[in-house]
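Notes follow once the structure below has been shown.
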Amino acid sequence: MIVGIIGSGTMGSGIAQVAATSGCKVKVFDTRQEALDKSKNALEKILSRLIEKGRIDQVEKDRIQHNISYVDSLKDLKDTNLTIEAIIENLEIKKKVFSELESYVSEDTIIASNTSSLSIASIASSLQRSERCIGIHFFNPAPLMKLVEVIPAVQTSVDTTNKVVKIIEGWKKVVAIAKDTPGFIVNRVARPFYGESLRIYEEGIADLVTIDWSLKTLGGFRMGPFELMDFIGNDINYTVTETVFKAFYYDPRYKPAFTQKRLSEAGYLGRKSGKGYYEYGDNAIKPTPKEDAALAQYIFDRVLVMLINEAADALFWNIASAEDIDNAMTKGVNYPKGLLSWADEKGMDWCVNTLDKLYDEYREDRYRCSPLLRKMKREKKSFFSLV
């Protein structure tokens, strides 16, 4: 099988490594030779480190590298069976690239986008044979993260979806099939992890290091929301939030925070700029959290219930199955538990009552309880009893 990758950045290069490791011949396309050279050199370093760690040997390294070639013309992707685009999150640019690519590849070639939040239907509309288009959303770093969201558009054929699921599972990934709605599963359901934490911070309830500490200590999250936003990049995280907010017709549940907007505008992007919510210079000193048990519990409960509510609403609107929603959050962003499983553990009474208290306090639609949670409470059911 021949796989084309459009874009040789971190994500494109990671996907190429995944496909090549699984035995596919891969062609990585970029218009800039320096970008292709950077991708090739990065792979060399990654594979060399894997040898040092004893995870692969020299023969395996040579095999993977031999499976990847680097090209600077879209025409060179004409013999691909599957081509995955991983370029800038700009709809018009993606549509232009897809339209040109279609003029070169065969009628059977599947054309996919790795977009994290743009409409697959809109991207597919640029093709004459839109039934071949689908979303294949990997998570960074692609070689390590197990989850891949597969997103059929309204135009996508069942045959295309089935072929893609088989291919991605053959690459030893866990597939979660998502409806083509803003943010798909992960980038929709995860919004409160950042948004509600920012709200708590902006209200002055706790400082950012205390919020991070609370969620890691009580929730078992590997990184707190502010640490994670700095890791992702505040510009990227803010753009995704803004995109989802607009795409949901300005639903207040997804409202961005001025704090993150101002940091992005100032160039305080996080680790990559040396400063974000935290300092990352050589002499940077991380502040100390306020280790107040009651405060930590309040922070954790408030963020968790908002995450659960978002997961429940995703299930209510048939965005994905309960199993895929939980898999998406544990394998896509390393949550310690699936949110729907967490809801079952906490109990539907707790979920609904906690949300209602927030709504009573703020009287904002942001805190409206999902109809499915109310139904589960009323009928005393588990989310997984619906399967």
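The values are calculated or read from the model by the stated rules, or taken from the named source; none is laboratory data. None of these values were measured; they are calculated from a predicted model. Every residue, glycine as well, gets a Cβ built from its backbone with ideal geometry; the counts of neighbours run over all protein chains shown. The accessibility values were calculated without ligands, DNA or RNA, using every heavy atom of the protein model including side chains. Shrake-Rupley method; radii C 1.70, N 1.55, O 1.52, S 1.80 Å.
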Output for Cβ contacts, cut-off 6 Å, separation at least six or different chains, first residue part of a loop (DSSP other than H, G, I, E, B) in region 266-277, second of a type in the set (D, E, K, R), reads Tyr268/Lys275; Leu269/Asp235; Gly276/Asp230; Tyr277/Asp230
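Given the residues Ser13, Ser39, which is the only one that is within 25 Å of Lys166 (Cα to Cα), part of a helix (DSSP H, G or I) and in contact (Cβ under 8 Å) with a residue 24 or more places away in the chain?
Just one listed residue meets the conditions, Ser13.
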Does Ala293 fit the bill of being surrounded by fewer than 19 Cβ atoms within 10 Å (Cβ to Cβ), within 22 Å of Glu196 (Cβ to Cβ) and of a type in the set (A, V, I, L, M)?
yes
Would you mind stating whether Ile299 is aliphatic (A, V, I, L, M), within 17 Å of the chain's Cα centre (by Cα) and surrounded by 17 or more Cβ atoms within 10 Å (Cβ to Cβ)?
no
Output the helices (runs of 4 or more DSSP H) that fall wholly within region 314-387 and possess 3 or more residues being polar (S, T, N, Q), or say none.
none
Select from region 248-265 the residues that are in contact (Cβ under 8 Å) with a residue 60 or more places away in the chain and open to solvent by 40 Å² or more (accessible area, probe 1.4 Å) and list them in ascending order.
Phe248, Pro252, Lys255
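Scanning region 15-25 for residues that are over 19 Å from Asn140 (Cα atoms) and touching a strand residue (DSSP E or B) at 6+ places or on another chain (Cβ under 8 Å), which turns out most open to solvent (accessible area, probe 1.4 Å)?
Per the stated criteria, the residue is Lys25.
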Given Pro225, Pro289, which one is within 25 Å of Thr115 (Cα to Cα) and of a type outside the set (A, V, I, L, M, F, W, C)?
Pro225
Residues of region 331-350 that turn out to be open to solvent by 10 Å² or more (accessible area, probe 1.4 Å) and touching a strand residue (DSSP E or B) at 6+ places or on another chain (Cβ under 8 Å), as a count
1
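Where in region 127-212 are there helices (runs of 4 or more DSSP H), lying wholly inside it, with at least 2 residues that are open to solvent by 10 Å² or more (accessible area, probe 1.4 Å) and over 24 Å from Val244 (Cα atoms)? Give the steps one after another, and end with the answer.
Numbers: elements: 158-170, 186-189, 191-202.
Once the helices (runs of 4 or more DSSP H) in region 127-212 are filtered for at least 2 residues that are open to solvent by 10 Å² or more (accessible area, probe 1.4 Å) and over 24 Å from Val244 (Cα atoms), what remains is 158-170.
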Any residue at all in region 230-241 that is open to solvent by 40 Å² or more (accessible area, probe 1.4 Å), of a type in the set (Ser, Thr, Tyr), more than 19 Å from Asp301 (Cα to Cα) and touching a helix residue (DSSP H, G or I) at 6+ places or on another chain (Cβ under 9 Å)?
yes
Taking region 346-387 and keeping residues at pLDDT 95 or above and acidic (Asp, Glu) leaves Asp349, Asp356, Asp360, Glu361, Glu364, Asp365
Scope region 351-375; condition open to solvent by less than 70 Å² (accessible area, probe 1.4 Å) and over 28 Å from the mean Cα position of the chain (by Cα); matching residues
Asn353, Asp356, Tyr362
Can you tell me which residue is farthest from Gly9 (Cα to Cα) among those in region 80-103 that are open to solvent by 70 Å² or more (accessible area, probe 1.4 Å) and in a loop (DSSP other than H, G, I, E, B)?
Ser103
In region 154-171, anything in contact with a Ser or Thr (Cβ under 7 Å, 6 or more places away or on another chain) and touching a residue at least 40 places away in the same chain (Cβ under 8 Å) is listed as Gly170, Trp171
Flagged in region 87-116 as of a type in the set (Val, Ile, Thr) and more than 17 Å from the chain's Cα centre (by Cα), in numbering order, are Ile93, Val97, Val105, Thr109, Ile110, Ile111
Out of all the residues in region 324-350, which are under 25 Å from the mean Cα position of the chain (by Cα) and small (Gly, Ala, Ser)?
Ala328, Gly332, Gly338, Ser341, Ala343
Quick one: Gly12 ticks every box in (1) within 26 Å of Ile232 (Cα to Cα); (2) at pLDDT 95 or above; (3) open to solvent by 90 Å² or more (accessible area, probe 1.4 Å) except a single one, so which number is it?
(3)
Test Ile56 against the criterion of being surrounded by 20 or more Cβ atoms within 10 Å (Cβ to Cβ) and either at pLDDT below 95 or more than 25 Å from Thr161 (Cβ to Cβ) (or both), and give yes or no.
no
